[in-house]
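A short write-up of the structure that comes next.
The values are calculated or read from the model by the stated rules, or taken from the named source; none is laboratory data. All of these numbers come straight from a predicted model, not from anything done at the bench. Reconstructed Cβ throughout: ideal geometry from the backbone, glycine too, with neighbour counts over all protein chains shown.
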Amino acid sequence: MKVDIKGHTTTLRNTQGDCLAFLDKVTTQYQSYKEQNLILDMSQDKDITLKEIKLFGDLSKMHKKAKKSFVIVVDGIDFNAVPSKMTVVPSLLEAHDIIEMEEIERDLGF
């Protein structure tokens, strides 16, 4: 797992290609990142499935409840099938854009 911190956003990159091991690492180290907006970059894993992405649902819900953004970057899936409570985008640029928009919404009180 590669960690990249920029300002109020932490990007965690899955470098192993094993979704379950990545979920386990993120969950066990969550206390280190809970004050930051999180981007989980799994774009390197070309074989990831929607079922595996849904495994991050509880973590996403907990993070968003704390008024922080939680965005997953994956390419090559059906984005219409992703649960509406999760934020999944195809590129890092879009992930950063989503976080900026959500920060503005929080600043405005939405």
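For the stretch 31-54, does any single residue satisfy the condition of being touching a helix residue (DSSP H, G or I) at 6+ places or on another chain (Cβ under 9 Å), farther than 20 Å from residue 91 by Cβ and among the hydrophobic types (A, V, I, L, M, F, W, C)? Scanning the stretch 31-54 turns up no residue that is touching a helix residue (DSSP H, G or I) at 6+ places or on another chain (Cβ under 9 Å), farther than 20 Å from residue 91 by Cβ and among the hydrophobic types (A, V, I, L, M, F, W, C).
When the stretch 61-102 is filtered for residues that are acidic (Asp, Glu) and modelled with pLDDT under 95, the ones remaining, listed by number, are 75, 78.
Evaluating residue 88 against the criteria (1) within 19 Å of residue 21 (Cβ to Cβ); (2) touching a helix residue (DSSP H, G or I) at 6+ places or on another chain (Cβ under 7 Å) leaves one unmet condition, (1). Of all the residues in the stretch 63-110, those that are of a type in the set (A, V, I, L, M), loosely packed, with under 11 Cβ neighbours inside 10 Å and assigned to a loop (DSSP other than H, G, I, E, B) number 1.
The single condition from (1) assigned to a helix (DSSP H, G or I); (2) over 12 Å from the mean Cα position of the chain (by Cα) that residue 5 fails is (1). In the stretch 20-62, the qualifying residues are those that are assigned to a helix (DSSP H, G or I) and of a type in the set (A, V, I, L, M), and the one that is surrounded by the fewest Cβ atoms within 10 Å (Cβ to Cβ) is 20. In the stretch 19-35, the residues that are of a type in the set (Phe, Trp, Tyr) form Cβ pairs under 8 Å with partners that are surrounded by 12 or more Cβ atoms within 10 Å (Cβ to Cβ) and assigned to a helix (DSSP H, G or I), at six or more places apart or across chains, as follows: 30/59; 33/26.
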